[in-house]
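First the structure, in the form of structure tokens, and then the observations on it.
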Amino acid sequence: MIFLTRHEHFNAAHKLYNPKWSEEKNSEVFGKCANANWHGHNYELIVTIKGEVNADTGFLMDAKLLSKILQEKVCDVIDHKNLNMDVGFMKDKLASTENLAIGIWNQITPHLPTNVKLHCVKLYETPSICVEYFGE
Ligand code: NI
């Protein structure tokens, strides 16, 4: 088993807001991320795939193809967008880093070659906070 990791970057706006709660409760739970008029984050996305080395290429997967999938299915969909309003796969979800990582996982998996498995989606919302999703 070998692992291959690709690092991507995107910016996006969001707010964290639970419509079932009062303004006070949203502010208490989500702090600055509850700001009604949105704010942005510089996200760092680190995607790791796993599988066996192909004897003919010496690769797990062509890294350019992985990059193309991440660009087309994730970055082009999210970059410079509003996660709450513009991103179909985040519709009706709280725009948290956790839910975004799960959504990104689901965007990537259908497009990987059959001999490759997604291992981890790691997503930094700030340099000091990240989430990791392993598919369960
Ligand atoms: Ni935020």
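The values are calculated or read from the model by the stated rules, or taken from the named source; none is laboratory data. Just so we're clear, the structure is a prediction, and the values are computed from it rather than from any experiment. Backbone-built Cβ (ideal geometry, glycine too); neighbour counts: all protein chains shown. Calculation scope for accessible area: heavy atoms of the full protein, side chains included, ligands and nucleic acids excluded. Shrake-Rupley method; radii C 1.70, N 1.55, O 1.52, S 1.80 Å.
A few notes on this one:
- Peptide packing for 41-50, 100-109 was compared via the average number of neighbouring C-beta atoms within 10 Å per residue; ordered from the highest value, the list is 100-109, 41-50.
- Accessible solvent surface per residue of the stretch 19-109, calculated while the other protein chains remain in place, 1.4 angstrom probe, Å²: 58 Å²
- Cα convex hull of the chain, projected area averaged across orientations, nm²: 8.7 nm²
- If you take the Cα centroid of the stretch 6-21 and the Cα centroid of the stretch 35-66, the two points sit 19 Å apart.
- The share of accessible area on the chain that comes from carbon and sulfur is 52 percent, using a 1.4 angstrom probe.
- Per-q log10 I(q)/I(0), the stretch 4-51, q = 0.28 Å⁻¹ (Debye; single scatterer per alpha-carbon; no solvent): -0.95
- Residues in the stretch 52-69 carry Karplus couplings, in order, of 9, 5, 6, 5, 6, 9, x, 9, 6, 7, 4, 4, 5, 5, 4, 4, 4, 4 Hz; the curve used is 6.51 cos²θ - 1.76 cosθ + 1.60 with θ = phi - 60°, and Gly or Pro positions show x.
- Fraction of antiparallel bridges per DSSP, the stretch 1-110 only, in percent to nearest 5: 85 percent
- Greater than 26 Å apart at Cα, pairs in 25/122; 50/73; 68/117; 32/73; 64/122: 25/122; 32/73
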